[in-house]
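The values are calculated or read from the model by the stated rules, or taken from the named source; none is laboratory data. Everything numeric in this text was worked out from a predicted model, so none of it was measured. Here Cβ is always computed from backbone atoms with ideal geometry, including for glycine, and neighbour counts include all displayed protein chains. Remember, those area values only see protein heavy atoms, side chains included, never the ligands or the DNA or RNA. Shrake-Rupley method; radii C 1.70, N 1.55, O 1.52, S 1.80 Å.
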Amino acid sequence: MAHNPVQSAPNFQSNPKNAMPAQLFYLKAKQAYAEKQWQQACTFAQTCISGAQNDEKLRFLARELMAASLLELGRPDQALHVFMELQKHTPNDAILIYNAGLAQMHLCRYQDAIQSFLRAVELMPENIEFQINLGLAYYKNNDFSQAKAVYVKASELAPKHAKARYGIAGVLEAEGLLNEAMDAYEQVLVLDPSHVQTLSNLIFIHHYLQSFDVNRHNDLLRRFRTAVGSVKTHRNANQKLKIHSPLRVGFVSADLFDHPVGYFLDSTIEQLHLDPSLRSRLTLIAYANQSKNTDFTQKLRNRFDLWRRVDEWSDDVFIEQINKDQIDILIDLSGHTKGGRLPAFAKKPAPVQVSWIGYWGSTGLSSMDYVLADPVTVPVHEEDWFVEKVWRLPSLRYCFSIPPQAPEVSAPPCINNQYITFGCYQNLVKMNDEVLRCWAAILNACPSARLRVQSRGFGNFETQSQLTERMSQAGIDVTRVELLEGVEMDQYLASYSEVDILLDTFPFPGGTTTAQALWMGVPTLTLAKAGMLGRQGEALMVNAGLSEWVAHSEDEYVQKAIAWGNADAQQRQKLADLRAALREQVRNSPVFDAKKFASDFVEALYGMWQEKCEGK
C-alpha cells in the first residue's frame with residue numbers, strides 16, 4: 001500500500017542542560033525503529049517525551065517518531081492524531097503533512113490523503129515518493145485519470161524510476177486496458193528486470209485475456225521463476241521425512257479479512273478448529289502478510305493455534321521463522337495476487353508446499369509441490385499447464401462459508417415486474433468487449449429484459465461514463481441498464497431481491513459472487529472456458545446441482561440467456577420455485593458442506609505428506 005513514513009532530521013544543538021538521558025532514549029527509539037521494533041520504538045519515544053519536559057525540539061522529534069511507529073503497528077488513527085497535533089506547530093512541514101497522508105491512506109480516507117499529498121507536493125515538488133503516493137491515493141479513490149496524470153508527471157521527473165512506471169501500468173490495468181497494461185509492465189521490467197511484483201502482475205493479467213496463450217503464459221512463469229531463484233532451505237532438506245501426527249500446517253495469505261479468500265477459508269478453518277477428530281490431526285499456524293485487522297480477521301485468528309503477522313518481515317526472516325515453527329506443510333493462499341510471498345516459497349522453507357485458494361493457476365515454482373484442484377476445474381488433459389502436481393479433492397477445490405448477514409430469500413422480482421432482470425456484480429476489468437457483445441445480443445433479443453450492474457468502481461462518474469460508452473458501442477441500449485455503486489455486505493446481499501438471474505463474465509468468471517448468489521436463491525448463467533479459472537463458475541454450478549446453467553460456447557451462453565429473458569408466466573414461476581428451494585439445495589451440497597470438505601481437506605494433506613515420505 002502506502003510507503004513507510006519518513007522523519008525530519010534531528011538537531012540537538014539547542015538542547016538544554018541535563019537533557020542527555022532523554023536524548024539517549026530518543027536514539028534508542030531511532031535504533032528500534034530502524035530495526036522494525038515498532039513497539040519498542042514507541043516505548044523509548046514515550047520515555048524521551050516524558051524526560052524532555054523543557055526541550056520542545058526533542059519532544060517534537062520523539063512524538064514524530066512515535067507517530068511513525070504507531071502507523072507501522074497498525075494504529076493509524078492514533079498516528080494521525082499525533083501528526084495533526086504536530087502540524088499545529090509546523091504547518092508547512094512537508095514531511096509531517098506527507099506522513100499524515102500515509103495515515104489517512106491506512107484509514108481509507110483517500111480524499112483527505114489526496115489533500116495532504118497535494119500540499120506536500122506543493123511544498124516539495126521534486127519529491128518523487130510524494131508524487132507516487134499522490135497517484136496511489138487517486139487510484140484508491142477510483143480517480144484513474146488523475147492517478148495516471150500524476151504517475152506520468154513523476155515518470156517525467158524521474159524517467160528511470162520504476163515505481164512511477166509501475167503506477168501507470170496499474171492504472172491501465174484498473175481501466176481494463178489490459179494489453180496496454182501488459183506493455184507498460186514490460187517497460188517497468190526494462191528499468192528493473194527483477195521486479196518480482198511486476199512479473200506477478202503480468203501473469204495475473206494474462207488470465208483476463210480472451211486469447212489465453214499457454215506458451216506465452218509459460219514463458220512468463222519461467223521469467224518469474226528465474227527472477228526469484230530457488231534454493232532448498234527447509235529443516236528436513238537432507239533427511240528422509242517420516243509419517244507423524246499432528247501435522248504442522250502453515251497458511252500464508254495477505255487476505256485474512258473480509259475478502260473472498262477469507263470467505264472461502266472461514267468455514268473450513270472453523271471445522272478444523274471445532275471437530276475434535278480433525279483438530280487432533282493438525283496444528284494450524286497463520287502467517288498473515290497484512291496490516292489490516294478487522295473483526296473478521298479476529299474471528300479467523302481465534303481458530304488458529306498460532307498467528308504471526310509477517311508483512312514487515314524480509315523473506316530471510318520469514319523463512320527462518322517457518323523453520324523455527326517446524327512447519328510440515330506450507331499452504332499459499334495468494335499466488336500471483338497482491339501481497340503474495342512466492343519469493344519465500346521459492347526458497348522451499350517447508351518440506352511440502354501447496355498452492356490453494358486465492359489463486360487459480362500455476363505459480364510457476366518448481367518448489368511448489370502440489371496444487372489443490374477438483375475434477376471439473378482441472379481435467380487430466382490440462383495437468384501439463386501446471387508445474388505443480390495436481391491433487392484433486394473429490395468434488396470442489398474449496399468450500400464457501402454461509403454469509404451470516406444474509407437475509408431470507410425473497411421472491412424473484414420477475415413475478416411482480418413481469419420481466420426478467422439480469423444482474424452482474426463483477427469488477428469492471430472482467431467486463432471485456434466480448435462479454436458486452438454477448439450482453440447486447442441477449443438484450444436485443446429480449447425486448448422487455450433489463451440489466452442491473454453493481455460494482456465498486458461506479459462511485460467515480462468518469463468510470464461509469466466509460467462503461468456506458470463501451471456498452472453503447474457494443475450495441476446495448478443503455479436506457480435498459482442500471483449501473484450502481486458497490487455497497488456494504490448486508491446491503492449487497494439484500495440487493496439480490498432485485499435480480500432474477502446473474503450473467504457471469506468470461507474468461508474470468510465469478511467465484512465469491514456466484515456462491516453468495518446461490519445462497520440468496522439466484523442462479524448464475526456461466527460460460528465455461530479452458531483453465532482452472534475459466535471453469536470456476538462451472539464447478540460451482542455443477543456442484544450446486546445446476547449443470548443446466550453452464551454454457552460451453554458464447555452462442556450457447558446467449559441462447560440460454562435469451563430463453564430466460566423472454567420467459568413467460570410459467571417459466572417465471574419455475575424460476576420462483578427454484579429460488580425458493582435453492583438455499584436448502586445448496587446448504588448440503590459441496591459448495592457449502594464445510595464438515596465434509598474439511599474432512600476431505602485433511603485427508604488430502606495426509607496423502608500429500610505420505611507421498612513425500614515415500615519419496616514420490
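In table form, for the structure just shown:
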read-out	value
Added length on full extension, which subtracts the Cα-Cα distance from 0.36 nm per residue, E603 to S553	14.4 nm
10 Å-binned pair-distance histogram of region 146-257 (Cα, whole percent)	12, 32, 27, 17, 9, 3
Helix axis angle, 144-157 relative to the chain longest principal axis, alpha carbon, degrees	40 degrees
Among beta bridges that DSSP assigns inside the chain, antiparallel share in %, nearest 5	0 percent
Per DSSP, loop GluC sites (Glu not before Pro) in region 112-181 with at most 14 further Cβ within 10 Å	E126
Sites E469 and Q298 - FRET efficiency at Förster radius 41 Å, r taken between beta-carbons, to 0.05	0.40
Value of relative contact order over region 183-322, rounded to a whole percent, pairs C-alpha under 8 Å and six or more apart	19 percent
Sum of -39500 (n - 2.57) over DSSP H runs of 4+, divided by residues of the chain (222 nm, nearest 500)	-15500 deg cm²/dmol
Cα-projected label distance for V487 with E408, points at 7 Å along beta-carbon direction, nm	1.9 nm
Counted charge near A598, where neighbours are those whose Cβ lies closer than 13 Å (Asp, Glu -1; Lys, Arg +1)	-1
Per residue solvent-accessible surface (Å²) - the chain, probe of 1.4 Å	41 Å²
Distance between modelled label sites at Q40 and V196, nm, 7 Å Cα→Cβ extension	2.5 nm
Percent antiparallel among DSSP beta bridges (both partners in region 235-375, rounded to 5)	0 percent
Cross-link pairs K88/K292; K574/K596; K240/K348; K140/K430 - those with Cα-Cα distance over 20 Å	K88/K292; K574/K596
Relative contact order (percent, whole number), the chain, Cα cutoff 8 Å, 6+ residue spacing	10 percent
Extension gain (nm, one decimal) between R216 and N416, 0.36 nm per residue minus Cα-Cα	67.0 nm
Summed side-chain charge close to E186 - residues other than E186 whose Cβ falls under 14 Å, Lys, Arg +1, Asp, Glu -1	-2
Antiparallel %, DSSP beta bridges [both residues in region 414-523], to 5	0 percent
Extension reserve of the K616-N323 stretch, reckoned as 0.36 nm per residue once the Cα distance is removed	103.2 nm
13 Å beta-carbon shell around Y359, net charge (K/R +1, D/E -1)	0
Mean Cβ count within 10 Å, highest first, over the residues of peptides 419-431, 577-589	419-431, 577-589
Euclidean distance of C-alpha centroids, region 395-460 and region 309-323, integer Å	41 Å
Pairwise FRET efficiency - H81 versus L209, Cβ, R0 = 41 Å, nearest 0.05	0.35
Spin-label pair L118/H89, simplified geometry with 7 Å Cα→Cβ offset, distance in nm	2.9 nm
FRET efficiency, Q585 to T226 (Cβ-Cβ, R0 51 Å, nearest 0.05)	0.60
Distance between region 131-185 and region 17-67 - C-alpha centres, whole angstrom	37 Å
Percent carbon-and-sulfur accessible area, the chain, ignoring ligands, DNA and RNA, probe 1.4 Å	50 percent
